[in-house]
Amino acid sequence: MGYQDYFQFDVIKASEKSNARAGVFKTPHGEIKTPIFMPVGTNSSVKMMTFDQVKACNAQIILANSYHMYLRAGCELIKTAGGLHKWMNWDRPILTDSGGFQVFSLSKLRKITPDGVHFQDPKNGSKHFISPEVSMKIQEDLGADIIMAFDECAPCPCEYSVARSALDKTKAWLERCFEAHKNYNQALFPIVQGANFDDLRKESAEFVSKFDAVGYAIGGVSVGEPMEIKNHITKITAPLLPFNKPRYLMGVGTPIDLINGITYGIDMFDCVLPTRNARHGTFFTYEGNKIIKNKQFEYDFSPLDEKCDCYACKNHTRAYIRHLYKTQEATAATLLSIHNTHFLLKLATDLRQSIIDGNFEEYSQKLLEGFNKG
Ligand SMILES: [Zn+2]
């Protein structure tokens, strides 16, 4: 038995003019057509949406956060429920992160040692310890199809010594993750770190490529760095990862990020942005982002975007959703979340089709001109 009994990735078409590729990724809970955007269900729920609504947006896979599940629900509860799929009644693939990113964000409440990270729950002060072995155990209890290595995500940009030290720990911890993880029906993705340093990114990409993993991730981006740095890191790192394995760019994106990432050879993306933006009243359109509370939409009886066929656009007007938002009706956030999630998933589907049709570069260039108007 091995990972090959549960997972398979095939690039079905690669662009000749860029690193963009279209693929099919088989997992224990079904096939994922890549490139794909993964909506984030932090607490085992995509905020403001039911899973029927998430499915109607054509989500093929969603992400859940180990840190939140471990602290707020407890792994014993999820395990007893039969794992995350049964717990939240989602029968398609799931990816869980390692919890590392959230723990490292608790800058004053955590202490990093070579063994792992001691931290305090900011909500109730309780003390916890996560190591590569503990993270693997948590993610095995949760039971997602794809699980992530426990890594140290350095700030970006940062001092060289900080990035060096984080990468050294990430490398040692990856070996321990693979040592601890033995479930072949859960694919463990290593993560490339190295902040904004080309040599460290290269070293990290070469190191993770030595492990015969099902797929690979690029981490430590989308942590506040300028777009040029994010693009540069992705551009130099993605081609260093094995061609015939899925590549996941963590915590990205916007519609523009998706186009850039796919151009550089990325297959998977995730971000809280579509639903977070929705809760703050911002919605995606093919003419850039717009803000629903703006006066210009008061008498606007057109849909959020003329070209979108999501539930919100098929049934409601900008004027109506603006009214709901201004009167603080929760439905406004639901409708905008449906639209933004659908929009990114449709974008990924259309870009995939353009790769298959052989006109990705022209098609994405035209889309970029529209997105940059916002
Ligand atoms: Zn829509």
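Only residues that are open to solvent by 60 Å² or more (accessible area, probe 1.4 Å) and part of a helix (DSSP H, G or I) were counted in the range 229-249, giving 4.
Of all residues in the range 246-280, those being within 15 Å of the ligand (Cβ to nearest atom) and either farther than 16 Å from I338 by Cα or among the small types (G, A, S) (or both) number 1. Counting the residues of the range 291-327 that are in contact with a Gly (Cβ under 7 Å, 6 or more places away or on another chain), of a type in the set (D, E, K, R) and closer than 22 Å to L368 by Cβ gives 0.
If K290 passes every condition in (1) within 16 Å of the ligand (Cβ to nearest atom); (2) without any contact (Cβ under 8 Å) to a residue 60 or more places away in the chain; (3) open to solvent by 10 Å² or more (accessible area, probe 1.4 Å) but one, which one does it miss? Evaluating K290 over (1) within 16 Å of the ligand (Cβ to nearest atom); (2) without any contact (Cβ under 8 Å) to a residue 60 or more places away in the chain; (3) open to solvent by 10 Å² or more (accessible area, probe 1.4 Å) leaves (2) as the failure. Being surrounded by 17 or more Cβ atoms within 10 Å (Cβ to Cβ) and under 30 Å from V162 (Cα atoms) holds for only one residue in G281, G224, G253, and it is G253.
Of the residues making up the range 319-351, those that are open to solvent by 30 Å² or more (accessible area, probe 1.4 Å) and in a helix (DSSP H, G or I) are Y320, H323, Y325, K326, A330, T331, K346, T349, D350. Counting only strands (runs of 3 or more DSSP E) that fall entirely inside the range 85-158 and contain at least 1 residues that are open to solvent by less than 40 Å² (accessible area, probe 1.4 Å) and within 30 Å of F197 (Cα to Cα), the qualifying elements are 94-96, 117-120, 127-130, 146-148. When the range 304-317 is filtered for residues that are open to solvent by 30 Å² or more (accessible area, probe 1.4 Å) and either near the ligand (Cβ under 10 Å from one of its atoms) or not in a loop (DSSP other than H, G, I, E, B) (or both), the ones remaining, listed by number, are E306, K307, D309, Y311, K314, N315, H316. In the range 294-313, the residues that are free of Cβ contacts under 8 Å to residues at least 60 places away in the same chain and farther than 14 Å from N340 by Cβ reach residues that are more than 14 Å from the ligand (Cβ to nearest atom) and among the hydrophobic types (A, V, I, L, M, F, W, C) with C-beta atoms within less than 9 angstrom, at least six apart or across chains, in these pairs: F297/I291; F297/A319; E298/A319; Y299/A319; D300/A319; F301/A319; S302/A319. Scanning the range 54-73 for residues that are among the small types (G, A, S) and open to solvent by less than 20 Å² (accessible area, probe 1.4 Å) yields A59, A64, S66. If you go through the range 175-193 and keep only what is closer than 19 Å to K245 by Cβ and either in a loop (DSSP other than H, G, I, E, B) or among the hydroxyl-bearing types (S, T, Y) (or both), you end up with H181, N183, Y184, N185, Q186, P190, Q193.
For the range 180-211, a residue qualifies if it is closer than 19 Å to Y3 by Cβ, in contact (Cβ under 8 Å) with a residue 40 or more places away in the chain and more than 19 Å from the chain's Cα centre (by Cα), and the qualifying residues are A180, H181, N183, Y184, N185. Restricting F178, F189, F197 to residues that are open to solvent by 10 Å² or more (accessible area, probe 1.4 Å), of a type in the set (F, W, Y) and closer than 29 Å to I138 by Cα narrows the list to F178. When residues in the range 263-287 are screened for being under 21 Å from P39 (Cβ atoms), part of a loop (DSSP other than H, G, I, E, B) and of a type outside the set (A, V, I, L, M, F, W, C), 5 of them pass.
Annotation note: Cβ proximity below 6 Å between a residue of the range 318-337 that is over 13 Å from M49 (Cβ atoms) and a residue that is hydrophobic (A, V, I, L, M, F, W, C) and surrounded by fewer than 17 Cβ atoms within 10 Å (Cβ to Cβ) (sequence gap 6+ or interchain) occurs for A319/F301.
A count restricted to the range 293-303 and to residues that are more than 16 Å from the ligand (Cβ to nearest atom) and polar (S, T, N, Q) stands at 2.
The values are calculated or read from the model by the stated rules, or taken from the named source; none is laboratory data. Given the structure is predicted, the values throughout are model-derived calculations rather than measurements. Cβ: placed from backbone, ideal geometry, glycine included. Neighbour counts: every protein chain shown. For the accessible areas, the whole protein counts, side chains as well, though only heavy atoms, and no ligand, DNA or RNA atoms are used. Shrake-Rupley method; radii C 1.70, N 1.55, O 1.52, S 1.80 Å.
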